[in-house]
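Engineer: Below: one structure in structure tokens.
The values are calculated or read from the model by the stated rules, or taken from the named source; none is laboratory data. Everything numeric here is computed off the predicted structure, so don't read it as measured data. Cβ coordinates were reconstructed from backbone atoms using ideal geometry, including for glycine residues, and neighbour counts include every protein chain displayed.
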């Protein structure tokens, strides 16, 4: 995992996420629902972007496109130099495992696995040995401040701790981009603040590019940039 | 292998469901192995029958006797080398639970027709010389602890053979069989002289069957027809068939055993398939969130499919293994069970064979994989975004 701070550069910043004229249309029965309509969005490397907007505005859909778990109807989503729409399902899965860390609103830890095993899960897709996987997972847990809870199961952790484990799972493969869908939506104010501080640390100290969907104005204040979506269109 | 702990942890999570599924699968494999072992043993016995021997019985049914005069007439048929009366006695030793095969035979001819019954010359001579002498198979002698010289009493529950007192016998010989040359040879029967039965019943009895040795096995059908033709249109018409067909007919007195056993096995197997499929579907349905998470983390659909099938495979392996243990134990237990155990001594090679065990294990794994296939495919095809929306 890289611990170097990103250096300011006089040159134009590298774009980590480049969304170009993206449309996303869902078909339900005979209805066509336009969820995203001509979205253009550039997120420079090392950026902490908050995507805001009312329910149904298309925030999560846009986040899913950036994370590579959905594909646009038209347009291009280029993340870490790869046009996500050009990849097959299998290639997209492989790409996701290396380039994107996903943080869910409800943590989504695997209940039968310990914190350490949950964090180790994405590393099963790599060629690392068991020992190397365990070392990396422990390091990720240390970064999120939960090294002492490695053997705890999700049911033995508080909501905030669960989300920190989920963040450790998201960063364990050292991805370029972290996407977070309402990461504080299920937490009390104190835990939410801790999570946001952790994400700020990941952004500032580890140089992670973060795209976060949130309804919470307090959460958005931790981001460098805020963009608002409304009815599938970027408003600001 | 690195996914094995993940699979096992999931199986352990719902241990009651896993245990009951494994147990259900085990019962299925246990039944399959037990039934197949019985069928294999019966089949083996049929295959071990000599093509050079024919059995003649009453054309209507085995239970009707044949006149004693038939023996000499059968012996006159061209191609017949030897004939012996072999009458089922149905004698019981002490009580009904001690069931074993016992025949009243024309001893000298019978031993000539069955050279695979190995009797020490002295014992043979002693048996032939003593009208109340009996010749018993090694397995039977071992079972009851009999030795040469022991007195044994048998009582038959066939009315013509009931004389108001038990039949007294003295064991004059214990026969073995060459297990290499004749692996299916019976060593659990009890033979005695027909003359003794005939005299003891005041010469009221007839012959149950005649066993015939022929010169040429290729002419078995012709000889059989010639024998039956001799007695056509008589009061006691005969049916002559090869030893294998006769034994098969004897077994079929219990109905179409093979069909019955296979039908039971199939019904149980199908039921377990449905139960396991239901269990696997429930397991996957409960873990839709998890499948979505795995796919989001970058697990390809094929790997998710593999993990679900892996769980099914482990269930099959555990169920199959337990089923084999239960099957093996039950086959051993059956052999020492009252009544049934004595019947099973007809099949000297009764035991869980490698072939049946492998078939049972394969069946368990295939059943489990079939049961896991649909839920695995659903997990494989599921769209991450749709599943995440349902969380």
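Engineer: Considering (1) assigned to a helix (DSSP H, G or I); (2) facing another protein chain (nearest Cβ under 8 Å), say which one residue A:119 fails and leave the rest.
Structural biologist: (2)
Engineer: Of the conditions (1) out of contact with any strand residue (DSSP E or B) (no Cβ under 6 Å at 6 or more places or on another chain); (2) part of a loop (DSSP other than H, G, I, E, B); (3) closer than 23 Å to residue B:2 by Cβ, residue A:140 fails just one. Which one is it?
Structural biologist: (2)
Engineer: Can you name the number of the only condition in (1) buried (at least 17 other Cβ atoms within 10 Å of the Cβ); (2) closer than 23 Å to residue B:207 by Cα; (3) out of contact with any helix residue (DSSP H, G or I) (no Cβ under 8 Å at 6 or more places or on another chain) that residue B:140 fails?
Structural biologist: Result: residue B:140 passes all but (2).
Engineer: Restricting to the range A:185-221, give me the number of residues that are over 26 Å from residue A:81 (Cα atoms), in contact (Cβ under 8 Å) with a residue 60 or more places away in the chain and not in a helix (DSSP H, G or I).
Structural biologist: Within the range A:185-221, residues that are over 26 Å from residue A:81 (Cα atoms), in contact (Cβ under 8 Å) with a residue 60 or more places away in the chain and not in a helix (DSSP H, G or I) number 3.
Engineer: Could you list, in sequence order, all residues of the range A:23-81 that are assigned to a loop (DSSP other than H, G, I, E, B) and more than 21 Å from residue A:183 (Cα to Cα)?
Structural biologist: Matches in the range A:23-81: A:29, A:30, A:71, A:72, A:73, A:80, A:81.
Engineer: Based on what the data block shows, is residue A:110 modelled with pLDDT of 90 or more, crowded, with 21+ Cβ neighbours inside 10 Å and in contact with a strand residue (DSSP E or B) (Cβ under 8 Å, 6 or more places away or on another chain)?
Structural biologist: Here the answer is no, as residue A:110 does not meet what is asked.
Engineer: Quick one: which residue in B:42, B:7 is under 30 Å from residue A:155 (Cβ atoms) and in contact (Cβ under 8 Å) with a residue 24 or more places away in the chain?
Structural biologist: Result: B:7 is the single residue among B:42, B:7 that is under 30 Å from residue A:155 (Cβ atoms) and in contact (Cβ under 8 Å) with a residue 24 or more places away in the chain.
Engineer: Can you report the number of residues in the range B:270-312 which are touching a helix residue (DSSP H, G or I) at 6+ places or on another chain (Cβ under 6 Å) and either in a helix (DSSP H, G or I) or more than 14 Å from every other protein chain (Cβ to nearest Cβ) (or both)?
Structural biologist: 24
Engineer: Related question: Test of understanding: among A:137, A:166, which residue is within 14 Å of chain B (Cβ to nearest Cβ), surrounded by 21 or more Cβ atoms within 10 Å (Cβ to Cβ) and without any contact (Cβ under 8 Å) to a residue 40 or more places away in the chain?
Structural biologist: Result: A:137 is the single residue among A:137, A:166 that is within 14 Å of chain B (Cβ to nearest Cβ), surrounded by 21 or more Cβ atoms within 10 Å (Cβ to Cβ) and without any contact (Cβ under 8 Å) to a residue 40 or more places away in the chain.
Engineer: Related question: For residue A:182, all conditions in the list (1) more than 14 Å from the chain's Cα centre (by Cα); (2) crowded, with 17+ Cβ neighbours inside 10 Å hold save one; what is the number of the exception?
Structural biologist: Checking residue A:182 against (1) more than 14 Å from the chain's Cα centre (by Cα); (2) crowded, with 17+ Cβ neighbours inside 10 Å, the one that fails is (1).
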